[in-house]
Amino acid sequence: EPGEFSALCPFSGLPDFGVVRVEYVPGSQVLELKSLKYYLTSWRGIGAAQEDVTALMFADLKRHLPDADYLLLTTEYNIRGGIRTTCTVDSRTQ
């Protein structure tokens, strides 16, 4: 699965494509799917390292889901330069 999510590599300016997976047990609030789609699309013009993108997304989602039982965010980027990158932030390990 090639992935539709993209952000820009801060060094080359080329897009890094991948998949974003969000898992959570909601508290009093849930994510609206359409809003999440627009949020993910907003990253297309932003230059940031893959690990930073994952950490920033997690912080944004955690701020909007403050009482979620847990939140797990995983980004799986397409292979570039022979390297596949997977980044994960899990609220249960923080």
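Whenever you get a sec, line up I46, I79 from highest to lowest accessible area (probe 1.4 Å, protein heavy atoms).
If we order I46, I79 from most to least accessible, we get I79, I46.
Could you sort K37, K62 by accessible area so the largest value comes first, with the probe set to 1.4 Å?
Details: K37 120, K62 65 Å².
Largest accessible area first, the list is K37, K62.
With a probe of 1.4 Å, find how much accessible area the chain has per residue, and write the answer as a whole number in Å².
On a per-residue basis, 62 Å².
Charges on Cβ only, +1 for Lys and Arg, -1 for Asp and Glu, centred on the Cα centroid of the chain; of H64, C9, T85, which one is farthest towards the dipole's positive end?
Looking along the dipole axis, the top candidate is C9.
Between Q29 and R84, what is the label-to-label distance in nm when each label sits 7 Å out along the Cα-to-Cβ direction?
Placing both labels 7 Å along Cα→Cβ, they lie 3.4 nm apart.
Based on the Cβ-Cβ distance from D67 to T41, what FRET efficiency comes out when R0 is 35 Å, to the nearest 0.05?
0.85
First compute the accessible area of the chain with a 1.4 Å probe, then give the percent of it belonging to carbon and sulfur atoms.
56
Run the quick spin-label model on A55 and Q94: label points 7 Å from Cα toward the beta carbon, then report their separation in nm to one decimal.
Result for the modelled spin labels: 1.1 nm.
Helix 50-64: angle to the longest alpha-carbon principal axis of the chain, degrees 0 to 90, nearest 10?
The angle comes out at about 20 degrees.
Which three lengths, in whole Å and largest first, does the chain cover when its Cα atoms are put on their principal axes?
41, 27, 23
The values are calculated or read from the model by the stated rules, or taken from the named source; none is laboratory data. Source: prediction; values computed, not measured. Cβ: placed from backbone, ideal geometry, glycine included. Neighbour counts: every protein chain shown. Just the protein is used for accessible areas: all its heavy atoms, side chains included, with ligands, DNA and RNA removed. Shrake-Rupley method; radii C 1.70, N 1.55, O 1.52, S 1.80 Å.
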